[in-house]
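The values are calculated or read from the model by the stated rules, or taken from the named source; none is laboratory data. Keep in mind it's a predicted model, so treat the numbers as computed, not measured. Here the Cβ positions follow ideal geometry from the backbone for every residue, glycine too, while neighbour counts run over all protein chains shown. For accessibility, only protein heavy atoms count, side chains too; no ligands or nucleic acids. Shrake-Rupley method; radii C 1.70, N 1.55, O 1.52, S 1.80 Å.
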Amino acid sequence: MTDSKADRMKAALREQRIETPSWAYGNSGTRFKVFAQAGVPRSPEEKIADAAVVHRLTGAAPTVALHIPWDKVDDYAELARFAADQGVGLGVINANVFQDDDYKLGSVTNPDPRVRRKAVDHLLECVDIMDATGSRDLKLWFSDGTNYPGQDSIRKRQDRLAAALREVYDRLGDDQRMLLEYKLFEPAFYTTDVPDWGTSYAHCVELGDKAGVCIDTGHHAPGTNIEFIVAFLLRAGKLAAFDFNSRFYADDDLMVGAADPFQLFRILFELVSANATGPDSGIAFMLDQCHNIEAKIPAIIRSVLNVQEATAKALLVDTEALEAAQDSGDVLGANEVLMDAYSSDVRPLLRELREEMGLDPDPVAAYHRSGYQKQIETARVGGTQAGWGA
Ligand code: PSV
Ligand code: MN
């Protein structure tokens, strides 16, 4: 690799930002069991403190996403000040209209207008919170759907969804955006009201420029070509956010890059090809993960490193050689150019970059050496540990 190529790669990696989710620092599990861990935060402030550690060690995770009501506080402006003192900012506000008895038949698509009103009011409250925290983005994921054919009208539910989204969209400030996430199934098993990128995209187009699609990498059927979705939405100017994680079976929420690092590379390659990995792209790069059996903070650090590694490999692709092979119809040659980059070891370059940034070249090892885990396990005794409340 030439020096100038390495410098260009480092420049792109230096400006990459990965937002961590507050809920990943809390306890989580499956619907069978939530395993508690020692040292887990008991408040939004303690989650933010953990997120700040991840940022200090990686230099790449300067914001933390909040989830309402899991991170409810009396004074959000004060929480934003607390975060700034810790060296991080507050990022995306995630709404929650899936954990109330009222939402058994859905939230914004519920047949009962009273429940729909309650759900929309919560979304509007989230925009008020964004005003106080200075957050740009509201992320919406709806668990709405049906379990049985005939249970409700699929078309009416789309109408109710569109009306709710419109009301919230119209409340957004000039610099605020709405991210509409999709998920194939679960908790609804027969129909889901926003099951795929096409549905999210169609609603976002109808809404306008401030609405964009959020791709949660774990929310697809097995075998889905996610990089195609990335390329399509980039071209259409509607790719607004990622929730990174990885899956073997369904919405496993495992560490990004753990199950299929090659898929992560292919996704990052589409982004790199469109020059869309930095903050100027307007894409919010977030993790949406749950660390049920592994230690949380090192797992989050590892996830940030996995995204960086996939990005570095994508940046390594010899684009001139690739284009030449593509243009001349050299199928195997083109594939080889891509695979060459994927097969390269970029870890030395990333270690060098971290040293240049004044960071430890191995952030996971640095975390283990830091004594932070011991410190929180000793200090965070008593109280109620944060969890996703399932
Ligand atoms: C549920 O699947 C989910 O993981 C969605 O991906 C949201 O982004 C997240 O929960 C938080 O609401
Ligand atoms: Mn998600």
message: Show the residue pairs meeting these rules: Cβ distance below 7 Å; 6+ apart or different chains; first residue within the stretch 345-370 and over 16 Å from residue 61 (Cβ atoms); second residue exposed (fewer than 13 other Cβ atoms within 10 Å of the Cβ).
response: 361/355
field: Filtered residues of the stretch 185-229 (kept if more than 24 Å from residue 106 (Cβ to Cβ) and in a loop (DSSP other than H, G, I, E, B))
entry: 208, 209, 210, 217, 222, 223, 224, 225
statement: Across the stretch 291-331, the tally of residues that are open to solvent by 50 Å² or more (accessible area, probe 1.4 Å), part of a helix (DSSP H, G or I) and more than 20 Å from residue 352 (Cβ to Cβ) stands at 7
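Out of all the residues in the stretch 252-263, is one or more closer than 30 Å to residue 207 by Cα and out of contact with any Phe, Trp or Tyr (no Cβ under 8 Å at 6 or more places or on another chain)?
Taking the stretch 252-263 first, the residues closer than 30 Å to residue 207 by Cα are 253.
Applying the additional criterion that residues be out of contact with any Phe, Trp or Tyr (no Cβ under 8 Å at 6 or more places or on another chain) yields 253.
Yes, the stretch 252-263 contains a residue that is closer than 30 Å to residue 207 by Cα and out of contact with any Phe, Trp or Tyr (no Cβ under 8 Å at 6 or more places or on another chain).
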- request: Being more than 16 Å from ligand 1 (Cβ to nearest atom) and touching a residue at least 40 places away in the same chain (Cβ under 8 Å) is the filter; apply it to the stretch 139-150 and report the residue that is least open to solvent (accessible area, probe 1.4 Å).
  value: 146
- prompt: Do we find that residue 41 is in a loop (DSSP other than H, G, I, E, B), at pLDDT 95 or above and farther than 27 Å from residue 212 by Cβ in this structure?
  reply: yes
- prompt: What do you reckon, is residue 53 β-branched (Val, Ile, Thr) and part of a loop (DSSP other than H, G, I, E, B)?
  reply: no
Total residues in the stretch 220-238, condition within 16 Å of ligand 1 (Cβ to nearest atom), out of contact with any Lys or Arg (no Cβ under 9 Å at 6 or more places or on another chain) and within 26 Å of residue 177 (Cβ to Cβ): 2
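For the stretch 208-222, enumerate the residues that are more than 15 Å from ligand 2 (Cβ to nearest atom) and under 24 Å from residue 166 (Cα atoms). Walk me through it before giving the result.
Going through the stretch 208-222, the residues more than 15 Å from ligand 2 (Cβ to nearest atom) turn out to be 208-211, 221-222.
If the condition is that a residue be more than 15 Å from ligand 2 (Cβ to nearest atom) and under 24 Å from residue 166 (Cα atoms), then 208, 209, 210, 211 are the ones that fit.
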Filter result for residue 138 (under 30 Å from residue 31 (Cβ atoms) and touching a helix residue (DSSP H, G or I) at 6+ places or on another chain (Cβ under 6 Å)): yes
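Only residues that are more than 16 Å from residue 117 (Cα to Cα) and in contact (Cβ under 8 Å) with a residue 40 or more places away in the chain: list them for the stretch 159-181, please.
Step one: list which residues in the stretch 159-181 are more than 16 Å from residue 117 (Cα to Cα), which gives 172-181.
172, 173, 176, 177, 178, 179, 180, 181 - these are the residues of the stretch 159-181 that are more than 16 Å from residue 117 (Cα to Cα) and in contact (Cβ under 8 Å) with a residue 40 or more places away in the chain.
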field: Only one of 120, 73, 127 that is surrounded by 15 or more Cβ atoms within 10 Å (Cβ to Cβ), more than 16 Å from ligand 1 (Cβ to nearest atom), assigned to a loop (DSSP other than H, G, I, E, B) and modelled with pLDDT of 95 or more
entry: 73
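Rundown of residues vs (1) away from ligand 2 (no atom under 16 Å from the Cβ); (2) polar (S, T, N, Q); (3) out of contact with any helix residue (DSSP H, G or I) (no Cβ under 6 Å at 6 or more places or on another chain); (4) without any contact (Cβ under 8 Å) to a residue 24 or more places away in the chain, yes/no style:
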residue: 224; (1), (2), (3), (4): no, yes, yes, yes
residue: 231; (1), (2), (3), (4): yes, no, no, no
residue: 238; (1), (2), (3), (4): yes, no, no, no
residue: 241; (1), (2), (3), (4): no, no, yes, no
residue: 256; (1), (2), (3), (4): no, no, no, no
residue: 261; (1), (2), (3), (4): yes, no, yes, no
residue: 265; (1), (2), (3), (4): yes, no, no, no
residue: 268; (1), (2), (3), (4): yes, no, no, no
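Taking the stretch 275-290 as the region of interest, how many residues are open to solvent by less than 50 Å² (accessible area, probe 1.4 Å) and either part of a loop (DSSP other than H, G, I, E, B) or without any contact (Cβ under 8 Å) to a residue 60 or more places away in the chain (or both)? Don't jump to the end; show me each part of the working.
Our first condition is that a residue be open to solvent by less than 50 Å² (accessible area, probe 1.4 Å); within the stretch 275-290, this holds for 276-278, 281-290.
Applying the additional criterion that residues be either part of a loop (DSSP other than H, G, I, E, B) or without any contact (Cβ under 8 Å) to a residue 60 or more places away in the chain (or both) yields 276-278, 281-283, 288-290.
Residues meeting the conditions: 9.
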- request: Working carefully through the options 133, 109, find the one that is of a type in the set (Val, Ile, Thr) and under 25 Å from residue 190 (Cα atoms).
  value: 109
